[in-house]
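What follows is a set of notes on a single structure, which appears directly below.
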Amino acid sequence: MSFTPNIQAYCCHYTSQQTLAEGPEGLKIDGFPANITINRLVCTGKLEVSTMLKAFEDGADGVYVAGCPLDKCHNLMGSQRAAKRVTAIKKALAELGVEPERIEMYHLPRGFHPEFVQAGQEMNERITALGASPFKGDAK
Amino acid sequence: MIIAERKPVNEIMEMVKDAKRILVLGCRGCVSICSAGGEREVEILASLIRLGKQKAGQEVQVTSATLVRQCDREYIDSIDQWDGQYDAIVSMACGVGVNFIANLRPMDKVYPGVNTTSFGGSAEQGVWSEQCAGCGNCILHQTGGLCPVARCAKSLMNGPCGGSVNGRCEIHQNVPCIWQSIHEKLVRFDSKDQLAAIAPIRDWSSAGHGGPRKTVRDDLTV
Ligand code: SF4
Ligand code: SF4
């Protein structure tokens with residue numbers, strides 16, 4: 001049975017410029033998986049832990065954040081903050097007995113780069129292999 | 001302030017495993033300042049509890065709220081507004097808050113969402129260190145404002161012990177020897193004579209060794 005994961009990506013304005021420039025059609029031609037929803041933010045430093053958890057509550061099988069390179073964030077430390085929050089969620093997922101790899105942080109170059117597409121493909125492969133989110137257990 | 005940190009989620013899930021309606025209750029006091037149990041952390045824990053229950057295939061209704069404090073009767077009384085809407089309360093206040101709810105609401109099941117660690121302060125973002133142990137008989141006037149009760153691993157009154165090396169405590173090289181700092185401070189203020197005075201054996205009854213402590217202020221009780 002084929003499984004297409006629901007993946008939510010949170011990308012800052014700078015790492016996701018490509019999506020704006022190319023539009024969904026262009027991204028598809030580049031090979032960006034269509035089942036990944038891109039949520040654009042001004043800066044990943046603005047991303048709250050609760051927003052990422054909410055994505056899992058709303059049915060995401062995987063979540064990832066694409067921010068600027070660690071030492072080259074447009075807003076200085078925004079992507080460092082995001083990375084710390086992702087790490088905190090990995091810990092909480094592990095405590096709940098869920099694979100921490102369901103959430104990931106990527107530090108990507110700004111502008112037009114193939115790495116943006118690669119990150120999406122990598123996450124798509126990883127989550128497809130992991131299968132559906134254990135949080136989707138049927139409520140009794 | 002009182003320093004706390006969230007308990008591991010699995011520990012909290014075990015506490016509430018039979019609850020179907022949970023009130024996650026934060027505190028706007030100390031635990032908000034140390035980012036352990038304020039509004040933001042309540043939202044996060046509420047979400048984690050819902051996820052944990054979803055994973056277990058159980059239905060749950062989580063209410064999130066944050067009180068001004070959980071160490072005063074008037075705020076605990078305001079829990080009345082959720083009467084009948086929860087089977088269990090997870091308090092994200094310090095242990096004082098959990099105890100206050102348990103005292104004042106004897107019919108409620110209340111569980112701790114955080115581990116209360118110490119009385120401390122934050123000199124750098126995200127790092128809190130213990131400064132006072134609430135011993136009930138402050139001696140900081142004799143020690144240059146630096147507390148040997150809380151900050152000396154052995155709570156020595158006549159320190160340092162023989163294990164102090166290069167200003168570091170023998171329990172770990174990351175821990176400064178507070179008695180070394182006390183000596184340096186008193187020498188700086190030309191008060192090193194104070195160091196020669198032997199502190200007598202201390203009566204620890206004010207520190208809790210004489211049973212639970214209570215403060216009564218006659219001028220305030222009407
Ligand atoms: S309940 Fe605890 S954390 Fe809240 S204000 Fe009182 S002492 Fe501070
Ligand atoms: S001497 Fe006692 S009251 Fe004073 S700072 Fe130390 S522990 Fe606190």
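The values are calculated or read from the model by the stated rules, or taken from the named source; none is laboratory data. Please read all numbers here as calculations on a predicted model, not as lab measurements. With ideal geometry, Cβ positions are generated from the backbone for all residues, glycine too; neighbour counts draw on all protein chains shown. Side chains are part of the model used for accessible areas, which takes the heavy atoms of the whole protein and leaves out ligands, DNA and RNA. Shrake-Rupley method; radii C 1.70, N 1.55, O 1.52, S 1.80 Å.
Here are the numbers:
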{"item": "Quotient of C-alpha Rg and 2.2 N^0.38 Å, computed over chain B", "result": "1.26"}
{"item": "Rounded to the nearest 20 debye, dipole of region B:2-118 from Cβ charges on Lys, Arg, Asp, Glu", "result": "280"}
{"item": "Region B:17-107: equivalent-ellipsoid semi-axes (sqrt of 5 x gyration tensor eigenvalues, Cα, Å)", "result": "21, 16, 10"}
{"item": "Cα-based helix-to-principal-axis angle, B:178-188 vs chain B, degrees rounded to 10", "result": "50"}
{"item": "Rg and Dmax of the protein assembly as shown, Cα atoms only, in Å", "result": "26.0, 82"}
{"item": "Computed over region A:83-140: relative contact order in percent, which uses C-alpha pairs under 8 Å that are six or more apart", "result": "23"}
{"item": "Check: the protein assembly as shown dipole with +1 on Lys, Arg Cβ and -1 on Asp, Glu Cβ, in debye", "result": "500"}
{"item": "Over 24 Å (Cα to Cα) - which of A:K28/A:K136; A:K90/A:K136; B:K17/B:K109 fall in this group", "result": "A:K28/A:K136"}
{"item": "Carbon + sulfur, % of accessible area of the protein assembly as shown - ligands and nucleic acids excluded, 1.4 Å", "result": "52"}
{"item": "Peptide B:54-67, shielding by other chains (average Cβ, 10 Å cutoff)", "result": "3"}
{"item": "Cα gyration tensor shape of region B:98-222, rounded if a/c is under 1.5, else prolate or oblate by comparing a/b with b/c", "result": "prolate"}
{"item": "Within a Gaussian network of chain B (alpha carbon springs, distance under 10 Å), most fluctuating of B:M13, B:M157, B:M107", "result": "B:M107"}
{"item": "Ranked packing of A:39-50, B:79-90, B:163-174, B:19-30, most packed first, by mean Cβ within 10 Å", "result": "B:19-30, A:39-50, B:79-90, B:163-174"}
{"item": "Average accessible surface area per residue within the protein assembly as shown, 1.4 Å rolling probe, Å²", "result": "54"}
{"item": "Under Karplus coefficients 6.51, -1.76 and 1.60, residue-wise ³J(HN,Hα) of region B:139-144 in Hz, glycine/proline x", "result": "10, 4, 5, 9, 10, x"}
{"item": "Gyration tensor (Cα) of chain A, equivalent ellipsoid semi-axes in angstrom", "result": "24, 19, 11"}
{"item": "DSSP bridge pairs, region A:3-81: antiparallel proportion in percent, nearest 5", "result": "10"}
{"item": "Chain pair A, B: total accessible area buried, heavy atoms, 1.4 Å probe, Å²", "result": "1600"}
{"item": "Among B:C132, B:C161, B:C71: highest mean-square fluctuation, GNM of chain B, C-alpha pairs under 10 Å", "result": "B:C161"}
{"item": "Residues in region B:1-45 occluded by at least 30 Å² - accessible area, probe radius 1.4 Å, against chain by itself", "result": "B:V9, B:N10, B:R40, B:I44"}
{"item": "Amide H partners (placed H, <5 Å) of B:Y111, local residues excluded", "result": "B:I89, B:V90, B:S91"}
{"item": "Prolate/oblate/rounded label for region B:134-207 (Cα gyration tensor, a/c 1.5)", "result": "oblate"}
{"item": "Selection from B:N115, B:A196, B:N166, by position along the positive dipole direction of the protein assembly as shown (Cβ)", "result": "B:A196"}
{"item": "Kirkwood hydrodynamic radius of region B:1-46, Cα pairs, Å", "result": "11.2"}
{"item": "Bridge type composition, chain A - antiparallel percent by DSSP, nearest 5", "result": "5"}
{"item": "Sum of side-chain charges, B:G210 neighbourhood, beta-carbon under 13 Å (Lys, Arg +1; Asp, Glu -1)", "result": "+2"}
{"item": "Unpartnered cysteines - no second Cys beta carbon under 4.7 Å - across chain A", "result": "A:C11, A:C12, A:C43"}
{"item": "Region B:2-118: antiparallel DSSP beta bridges as a percent of all, rounded to 5", "result": "20"}
{"item": "Region B:47-182, dipole about Cα centre (Lys/Arg Cβ +1, Asp/Glu Cβ -1), debye to the nearest 20", "result": "420"}
